[in-house]
Amino acid sequence: HGRTLHNQAFEETLRVPLLIKLPGNRNAGFWVREQVSHVDLVPTILEILDIPPPGSLEGESLIRVIDGEAPLRDVTVAKSANVSMTDKDVYTARTNEWKLIWWMKPERLELYNLLEDPNELVDLSATQPEKRDELMAVIRDHRDARQQGLHLRVPPFALLGKPLKVRI
C-alpha cells in the first residue's frame with residue numbers, strides 16, 4: 001500500500017513488535033502470537049505492579065497471554081484518526097483470519113481474508129456480506145460504547161497510591 005505512518009489501516013503499519021521484560025525474566029523468550037493492542041499495556045503494567053485497575057479500564061492485562069493461558073479476544077478493534085487529508089476516521093476489526101476496514105469519509109468498506117491474502121489486495125466486502133456485516137457490528141458496538149463514555153482515561157500513577165519510581 002506504500003504507506004509508512006502508523007496511523008494507517010493496513011497490516012504493514014498496524015502490526016508492530018511489542019517487547020515486554022517481566023520481573024525475574026519470567027517467560028523470557030516467549031513469543032505471543034495472539035492479537036494484542038496498545039490499550040492492553042496499562043492493565044498489564046498495573047497487574048505487574050499489583051495495582052488494581054481503576055474502574056472499567058479499557059484493555060486487558062497481557063499476563064495470561066504471556067503465561068500461555070488464553071487469548072485476550074477474538075476480535076481486535078482499532079481506530080485511526082485523520083489518516084490523510086481526504087480520509088476521516090478509519091476503524092478496523094481484525095480476527096486472526098479476517099479484517100474489515102471502515103473508511104468513514106468517503107464511506108467505504110474493505111474486507112480481507114488475511115490467511116489467503118496477507119497483503120490485503122483483494123477486497124471481499126461484496127462477496128462475503130455475512131462476514132462483513134458480522135465485523136461491522138463489532139465495530140459499531142465498540143464505537144457506540146466509547147461514545148457513551150464506557151471507557152476510562154487512566155489517572156496518573158500518583159493518584160493510584162503507589163510511588164512513581166518502581167523498578168520492574
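The values are calculated or read from the model by the stated rules, or taken from the named source; none is laboratory data. Computed from a prediction, not measured in an experiment: that's the story for all the values here. Every residue, glycine as well, gets a Cβ built from its backbone with ideal geometry; the counts of neighbours run over all protein chains shown. What goes into the accessible areas is simple: the full protein's heavy atoms, side chains included, and nothing from ligands, DNA or RNA. Shrake-Rupley method; radii C 1.70, N 1.55, O 1.52, S 1.80 Å.
Miscellaneous remarks
- Search result, residues across segment 37-52 that are open to solvent by 50 Å² or more (accessible area, probe 1.4 Å) and touching a helix residue (DSSP H, G or I) at 6+ places or on another chain (Cβ under 8 Å): 47, 52
- Scan of segment 120-168 for residues that are modelled with pLDDT of 55 or more and more than 20 Å from the chain's Cα centre (by Cα), ordered by number: 121, 122, 123, 124, 125, 126, 127, 128, 129, 130
- Whichever residue in segment 77-87 is open to solvent by 20 Å² or more (accessible area, probe 1.4 Å) and among the β-branched types (Val, Ile, Thr) and, among such residues, is modelled with the highest pLDDT: 77
- In segment 88-109, residue modelled with the highest pLDDT [restricted to those that are open to solvent by 20 Å² or more (accessible area, probe 1.4 Å) and more than 14 Å from residue 134 (Cβ to Cβ)]: 108
- For segment 1-28, the set of residues classified as in contact with a His (Cβ under 6 Å, 6 or more places away or on another chain) and either modelled with pLDDT of 70 or more or assigned to a loop (DSSP other than H, G, I, E, B) (or both) consists of 10 only.
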